[in-house]
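Working notes, structure below.
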Amino acid sequence: MTDYKNLKLIATSNPHIRGSETTQTIMRDVIIAMCPALIWSIVIFGVEALVLTAISAAGCVFFEWLYRFLMKKPQSIGDLSAVVTGILLAFVCPPTLPWWTILVGDFFAIVVVKQLFGGIGKNFLNPALAGRAALVASYAGSMTTWIDPAAGKAPILGGAVDVVTAATPLTYMKAGDLAGLQSVYDLKAMFIGNIGGCVGEVSSLMLLIGGVYLIGRKVINWHTPVSYIGTVAVLTFLFPKAGSSLEWMLYSLFGGGLMLGAFFMATDYATSPVTKRGQVIFGIGCGVFTVFIRYFGSYSEGVCYSIMVMNLCVALIDKCTKPTRFGVVKSNSKEAAK
């Protein structure tokens, strides 16, 4: 028998069960998941899409290093979170965006939104989306200049645009002109991504591949993406603005940044709910706001702002969906909270 009296037990603080995952390994998986969409953007928009993405990632790493160096804090660039922010910010910008403009967005995302609130895990807004919102507010012209991928490639480093500018699918849908959209892009082109738009959001197929990879690697749960996409699907099917319900729904799902937002933005650990019920509620809220903005707002896309609005509700969602502790009666816990 074991001599329990002579066992040397080491008492430590929680957690007592530890996994092999680290912030670096999780962010590396996210980067891998974004590679299909990045490769497709290079095919559609040219090497300029890669240049813009690389500049954005490098800018985010530099600003994070500089801030923590000046504040005399331990460096955190090794966790790759700044790289992920830079790639995501480039993904939600047009390929024609001047390189200095993306650096402005990098500074806002890393310094203002992330580091000033304590660094990774302490920001209450998704840094990449907040950076995009700042760029739209400051440089609306550059952020809404699109090119037709069939007409040519984007100029390197955001030089003079010498290709044909084109309306994005959401521009047609905002006007309720589904027939006009169908004459330019069919559903196959929408799904594969041979359309105009931001660098990393045009191909629903590549984003789905990346999303399935993240779910398979258990980096994210399915609850938020499925509830988000499902809510948009249901609402657009029930309330089409033009054409048949099915066609309007499919064009709504494949157009804009819905797939990118659902798999890569709304699932951000720091700015999304912890509980499974909370993640479903979060996804539904994002879907409702996305459709509402697309239908009634002055801006044709609603993914960015819908996710940021729901980011502000995460604390309340977590509080309302917090599971009851084992052995605690709900009535007693309510009395203790008074």
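Just to be sure, is T101 out of contact with any strand residue (DSSP E or B) (no Cβ under 6 Å at 6 or more places or on another chain), farther than 24 Å from Y269 by Cα and not in a helix (DSSP H, G or I)? For T101, the condition - out of contact with any strand residue (DSSP E or B) (no Cβ under 6 Å at 6 or more places or on another chain), farther than 24 Å from Y269 by Cα and not in a helix (DSSP H, G or I) - is not met. Residues that are loosely packed, with under 15 Cβ neighbours inside 10 Å, modelled with pLDDT of 90 or more and in contact with a Cys (Cβ under 8 Å, 6 or more places away or on another chain) number at least 2 in none of the helices (runs of 4 or more DSSP H) confined to region 123-220.
Listed by first and then second residue, the pairs with beta-carbon distance under 6 Å, at least 6 apart or on different chains, first residue in region 238-251 and farther than 22 Å from I192 by Cα and open to solvent by less than 60 Å² (accessible area, probe 1.4 Å), second at pLDDT below 90 and assigned to a loop (DSSP other than H, G, I, E, B), are A242/G176. Apart from one condition, Y305 fits all of (1) in a helix (DSSP H, G or I); (2) more than 17 Å from the chain's Cα centre (by Cα); the exception is (2). Residue under question is G78, and the condition is that it be modelled with pLDDT of 95 or more and not in a loop (DSSP other than H, G, I, E, B); does it hold? So G78 does not fit the description; no.
Total residues in region 289-302 satisfying the condition of being of a type outside the set (S, T, N, Q), in contact with a helix residue (DSSP H, G or I) (Cβ under 6 Å, 6 or more places away or on another chain) and either open to solvent by 50 Å² or more (accessible area, probe 1.4 Å) or outside any helix (DSSP H, G or I) (or both): the figure is 3. The set of residues from region 33-48 being open to solvent by 30 Å² or more (accessible area, probe 1.4 Å), more than 19 Å from G261 (Cβ to Cβ) and touching a residue at least 12 places away in the same chain (Cβ under 8 Å) comprises I39, V47. Figure legend. Inter-residue proximity from region 311-325: first residues open to solvent by 90 Å² or more (accessible area, probe 1.4 Å), second residues in a helix (DSSP H, G or I), beta-carbon distance below 9 Å, spacing 6+ or different chains. Indicated pairs: C320/R277; C320/G278; C320/I281; K322/G278; P323/R277; R325/S333. Scanning region 221-237 for residues that are in contact (Cβ under 8 Å) with a residue 24 or more places away in the chain and open to solvent by less than 50 Å² (accessible area, probe 1.4 Å) returns H223, T224, P225, S227, Y228, I229, G230, T231, V232, L235, T236.
The values are calculated or read from the model by the stated rules, or taken from the named source; none is laboratory data. What you see is a predicted model; the values in this text were computed from it and never measured. No Cβ is skipped: glycine too gets one built from the backbone with ideal geometry, and neighbour counts run over all protein chains shown. Ligands, DNA and RNA are stripped out before the accessible areas are found, and what is left, the full protein with its side chains, is counted by its heavy atoms. Shrake-Rupley method; radii C 1.70, N 1.55, O 1.52, S 1.80 Å.
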